[in-house]
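Participant: Okay, here's the structure, questions in a sec.
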């Protein structure tokens, strides 16, 4: 997927969340509902998170330099991890605190019509943002389930926006339900219960995001199907006998480090070997265009009768 496509998803989510945040704060001012306040802070956190994703995308485009010779592609993973921390601290913890305070000091809700109107409007905006993320993700999801896509995607923006928007929709439903029950029963405790439920929901999403982004920061390999494409491309190259060793690692969604130890025909001259290596790299990039940088180490497959090369005991 091109960077521009994921950027469009983030921008759509940014403006949707910004508009919803403003509307929710207005609604809180009229209703004094803790569920509405929790949802307001949730939308503020989501808006800030989209800004952080855009910042990460911008910083990741910087050219390599002497200090970061492989470039800055991991900026996108780092800022996505920061997003999970913001969602937990600003979204989840605030909602849990506000819900607890409302349990201790309940008060009646006011101007309920505002709450229903604004939360319903929020469902429309969040539904639009979520639908945009889903449509964009389908082009790269393939046959994977949505959960598998979230667990295996190397595009952090899509993972973050999908989970955030899904959580936002569920949070709006919880807030609407809590306010409805509180209105019907006349018991504001249900508003507090809804607020705590939103806090738990955001906490769960933040933990999932943190786990997934941590894996990307550490350096996840190519997905199994891509790994197999790379291996077959090398094996299909002229003068290649075997792939002895193959390792991959994502620096970013569109930058995959490939390191391979390859057995070539033994009778190749040095220029022929260089051409064979270049051919293997070209074939790999035909099936996985973002396989760069790529390093191929020539070696031979040794038989049991052939002695291994001497090793340096100091290494």
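Coordinate-derived values only; no laboratory data. This one's a predicted model, so the numbers in the text were calculated from it and none came from an experiment. Positions of Cβ are generated from backbone atoms using ideal geometry, with glycine treated the same way; all protein chains shown enter the neighbour counts.
Participant: Using a 7 Å offset from Cα along Cα-Cβ at residue 184, what residues in segment 20-39 end up with backbone N under 19 Å from the label point?
Facilitator: From segment 20-39, the list is 35-36.
Participant: Say R0 is 25 Å: what FRET efficiency, to the nearest 0.05, do residue 11 and residue 287 get from their beta-carbon distance?
Facilitator: Here the calculated transfer efficiency is 0.20.
Participant: Please compute the length gained on full extension between residue 101 and residue 147, using 0.36 nm multiplied by the number of residues separating them and subtracting their Cα-Cα distance.
Facilitator: Full extension from residue 101 to residue 147 adds 13.1 nm.
Participant: Along the Cα-to-C-beta direction of residue 249, a point sits 7 Å from the Cα; which residues of segment 45-89 have their amide N less than 12 Å from that point?
Facilitator: Within reach of a label on residue 249, which here means backbone N under 12 Å from a point 7 Å along Cα→Cβ, segment 45-89 contributes 70.
Participant: Please arrange 218, 26, 205 by how many other C-beta atoms lie within 10 Å of their C-beta, fewest to most.
Facilitator: Lowest to highest Cβ neighbour count: 218, 26, 205.
Participant: For every helix of n ≥ 4 consecutive DSSP H residues, a contribution of -39,500 (n - 2.57) applies; sum these over the chain, divide by its total residues, and give [θ] at 222 nm rounded to the nearest 500 deg cm²/dmol.
Facilitator: After summing the helix terms and dividing by the residues of the chain, the value is -22500 deg cm²/dmol.
Participant: For each of 105, 250, count neighbouring Cβ atoms within 10 Å of the residue's Cβ, then give the residues from fewest to most. Provide the component values of the computation, followed by the final result.
Facilitator: Details: 105 9, 250 22.
Going from least to most buried by this count: 105, 250.
Participant: Now a separate question. Between residue 22 and residue 123, what length in nm is gained on full extension when 0.36 nm per residue of separation is reduced by their alpha carbon distance?
Facilitator: Roughly 34.9 nm would be gained on extension.
Participant: Then there's this: In whole angstrom, how far apart do the alpha carbon centroids of segment 178-206 and segment 248-298 sit?
Facilitator: Using only Cα atoms, the two centres lie 55 Å from each other.
Participant: Within segment 76-90, which residues have the backbone N less than 18 Å from the label spot 7 Å out from residue 218 along Cα→beta-carbon, could you tell me?
Facilitator: Within reach of a label on residue 218: 77-82, 84-85.
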